[in-house]
Structures are given as structure tokens and as C-alpha cells.
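Down below is the structure, laid out as C-alpha cells.
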Amino acid sequence: MGKTGDLLDQGLLEQLDREKLPDHVAIIMDGNGRWAQSRSLPRIAGHRAGADAVDGVVTAGRELGIKALTLYSFSVENWRRPKTEIDMLMVVLEEYIHKELERMKQEDIRFNVIGRISDLPLPVREAIRLAREETRHNEAMVLTLALSYSARMEILSAAQRIAQELQEGSLSLEEIDESLFEQHLYTADLPELDLLIRTSGEMRVSNFLLWQMAYAELYFTKTLWPDFRADDLLRALLEFQRRERRFGIISQQLSDQRQSIGSLRED
Ligand code: IPE
Ligand code: IPE
Ligand code: MG
């Protein structure tokens, strides 16, 4: 299986059911600072190692057949970090996008960003514009970076836009339902979130995709982000496949549904 075949543990790969993959996986890439600290390196070295870790996961996700991968790269709250760390992080980000552009083009990956892009420094905005433009027709997978992102702000801005449309008369109160609300979120064109991964052992969601995670499976690992490899993604996918997603109904109803789908297929 090309590059990923080499990246992945064959024993684990054989256990994976290709029919039961999540469409949309999101990752809170946490632990860069602690990774650096444990090696007596400056925090920025952790962010560089973190950017390097993204490659293997993107390639594996794409080759395994995940349709959308969303990576939490910088939160609105992260602007409160020391200026020197932010400045260096922005440079790492800009370099990452420029470096990855060729690979995204080769691998048919569409580049996307969610968050308040206008907060970002000009060179980063320019890199984003170029990468979006040059990958806009790609279809194998959509890679979304959440940058200057806050889920509460995303929900608030959706509410504001809906209120404005209501005021202008282009929308009526009865039309406001879950589907319309979702159309006003940054993630409007992405599939439903199936699996949320957080690295570094923290058991919190830090203002990420709050609306979208309503029925996502959550997976926490102690591995620090710079150490996270394609195999770790595979382990998360295997765990996802062991879960029973009931969406509020009971197991018996789920197996009845599976049986009736099975008999429909046989007809
Ligand atoms: C995640 O790693 C990257 C960003 C938030 C930008 P951290 O920088 O939060 O690493 P820790 O949590 O301090 O180890
Ligand atoms: C969440 O990590 C944001 C990103 C991974 C970009 P943080 O390290 O900022 O989260 P907290 O502060 O531990 O909640
Ligand atoms: Mg952190």
C-alpha cells in the first residue's frame, strides 16, 4: 500500500476493517512543550518536532481512506502565550504550509483552514491563500488546520449571522434548525465528526469543535504529539472500530438495523 504500507505495523493494519472507517477525524495535537522540556530543549524545538509529526499522520490518514482530517494547531486562547513563542510558532506554521504544498498537490489533498484567519500575521495568511487556491480541486482528503480557533466563537458567529439574516428577512424563525445552524459553522462543508483524538494525556477538549463533537467518539492517549506516528493513528482507528455507537438507541435496535440492511443487500 505504497508509502503508508511501510509506515504502518502490518499486524495492526490487518485488523482494520476498511468498511468501518471514520469519515472525519480531528486531533488536538498537544504536548509539544513537554516533549521539548523532557529533552532540555526550548519549547520551539517541540513545535518544530510537532510540525514534523503531522506528515506521517496526514499520509496515513489519506491512504487509509479517511475523508477529512482536522488538526487543532492554534487556539484563540494560545494568543495569551509569551510573544516570543507565538512569533516562532507562526514562522513554523508558515514554513510548514509552504513545505507541504507540493505534497498536498501530489497526494490530491485539499487544504482548508477554520478559525479567525484575519488574526494571523500576513505571511501566514498568504501561505494559506496560496495553499487553498492550489489545492482547491483536490478530492482524496480534506486537511483542515484550526488556526486562531475557538468553538464558542464559532458558535457565536453562526448565531450572529443567523440573527442578521433573520433581521434582513432572508430567513424565517421556522427555518432555523440543526441543519441550518451547521451550515453557518466553519465546518459546513465537512462530514460529521466521528472521532476526536487528544494527545499528551490531558482529558479536556479546550474549546475545540464543541458543536461537532456531540456524537463523536473520544480517544485520549498519553503519547506527546511529536511522538505520535501513523501506527498511533491506526491504534485509535482500531479502538474506534471496537466501540458501539448507539446514538441514543439500544444494542438490540442496532443489530436489527444491521440485519435489515443485510437482507436489503441480498435482495
Ligand atoms: C500543543 O503543544 C501546540 C500548541 C498548543 C500550539 P503545547 O505547546 O500546548 O505543549 P504542552 O501542552 O505545553 O506540552
Ligand atoms: C489546545 O492545547 C490547543 C492546541 C492543541 C492547538 P493547549 O495546550 O492550548 O490546551 P490547554 O491550555 O492545555 O487546555
Ligand atoms: Mg498544551
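The values are calculated or read from the model by the stated rules, or taken from the named source; none is laboratory data. Just so we're clear, the structure is a prediction, and the values are computed from it rather than from any experiment. Here Cβ is always computed from backbone atoms with ideal geometry, including for glycine, and neighbour counts include all displayed protein chains. SASA here: full protein model, heavy atoms, side chains in, ligands and nucleic acids out. Shrake-Rupley method; radii C 1.70, N 1.55, O 1.52, S 1.80 Å.
Excluding same-chain neighbours fewer than eight residues apart, the aspartates and glutamates reachable from Lys222 by a Cα-Cα span under 18 Å are Asp30, Glu202, Asp231, Asp232, Glu239. Computed extension length for Ser38-Asp87: 15.4 nm, one decimal, from 0.36 nm per residue of separation with the Cα-Cα distance subtracted. Roughly how many Å is it from the Cα centre of region 218-236 to that of region 156-214, as a whole number? Cα centroid to Cα centroid, the span is 26 Å. Simple spin-label estimate for Ile261 and Asp231 gives 3.2 nm between the two label positions (7 Å along the Cα-to-Cβ direction from each Cα).
Mean residue ellipticity, 222 nm, helices only, the chain: the sum of -39500 (n - 2.57) across DSSP H runs of n ≥ 4, divided by residue count and rounded to 500, is -15500 deg cm²/dmol. Expressed as a whole percent, the accessible surface of the chain that belongs to carbon and sulfur atoms is 50, based on a 1.4 Å probe. The trypsin sites (Lys or Arg not before Pro) found in region 181-244 that occupy coil by DSSP, while having at most 11 further C-beta atoms within 10 Å, are Arg204, Lys222, Arg243.
Surface analysis of region 83-187 yields an accessible area of 54 Å² per residue, using protein heavy atoms and a 1.4 Å probe. The three principal axes of the Cα atoms in region 208-264 give end-to-end lengths of 46, 26, 16 Å, sorted in falling order.
Across the alpha-carbon atoms of region 34-152, the computed radius of gyration and Dmax are 14.3, 43 angstrom. For the residues Ile176, Ile249, Ile86, a GNM of the chain with alpha-carbon springs under 10 Å puts the largest fluctuation on Ile249. Of the trypsin sites (Lys or Arg not before Pro) in region 110-140, the ones in a loop by DSSP (not H, G, I, E or B) with at most 12 other beta carbons within 10 Å are Arg136.
Pick out which of Gly169, Gly50, Gly33 has the largest mean-square fluctuation in a Gaussian network model of the chain, springs linking Cα atoms closer than 10 Å. So, out of Gly169, Gly50, Gly33, the one fluctuating most is Gly169.
Extents of region 81-237, largest first, come to 50, 37, 34 Å (Cα atoms, principal axes, whole angstrom). Eigenvalues of the alpha-carbon gyration tensor of the chain, scaled by 5 and square-rooted, set the equivalent ellipsoid semi-axes at 30, 27, 18 angstrom, largest first. Of Val76, Thr144, Leu93, which is farthest towards the positive pole of region 5-153's charge dipole, taken about the Cα centre with +1 and -1 on the beta-carbons of Lys, Arg and Asp, Glu respectively? Result: Val76.
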